[in-house]
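**Q** Can you keep this structure in mind? I'll have questions shortly.
The values are calculated or read from the model by the stated rules, or taken from the named source; none is laboratory data. Everything quoted here is computed from the prediction, not taken from an experiment. Please note: Cβ atoms are built from the backbone with ideal geometry, for glycine as well, and neighbour counts cover all protein chains shown.
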Amino acid sequence: MFFVKSNNNDIYLRILFCSILSGFLLSFVLLFFIGQHLLAFINIIIYGVIFSLIYLVTGAPIQYFLNKRPNKGRASSLFIYLIIGTIVNTIFFIIVSDIDKLYLDVKFYFMIFSASIIFWLNDLFFLRNKK
């Protein structure tokens, strides 16, 4: 279903789906592995919406650009997603926590790598064309 050749009409829906799925998976990782919150459904929804919106603003244009040239290496796109993960998590941690010791927190770096890998894997599974 998701591995068929895409045309210009459905690439936007697939990018939207990838951003929303990445946001909710990242909220689950946040709450399950490093969160001190209860793994409540409402927390996953709230964090998922925040992450999805940030992913749509920062990640969707990059995904569209990378999908226009699918012959690029997979490692280079992971590096680009590390940059996107840094932006997403910096914005998120500014919104929900104190910015004083942001870069000294191990959770911040764990979330950067988690966000990058989740976004990269969703991009590989849902957006890359099989030739």
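**Q** Please tell me if F24 is surrounded by 16 or more Cβ atoms within 10 Å (Cβ to Cβ), touching a helix residue (DSSP H, G or I) at 6+ places or on another chain (Cβ under 7 Å) and either closer than 19 Å to I117 by Cα or at pLDDT 85 or above (or both).
**A** Here the answer is yes, as F24 does meet what is asked.
**Q** Can you name the number of the only condition in (1) surrounded by fewer than 16 Cβ atoms within 10 Å (Cβ to Cβ); (2) under 23 Å from L13 (Cβ atoms); (3) modelled with pLDDT of 75 or more that Y81 fails?
**A** The number of the failed condition is (1).
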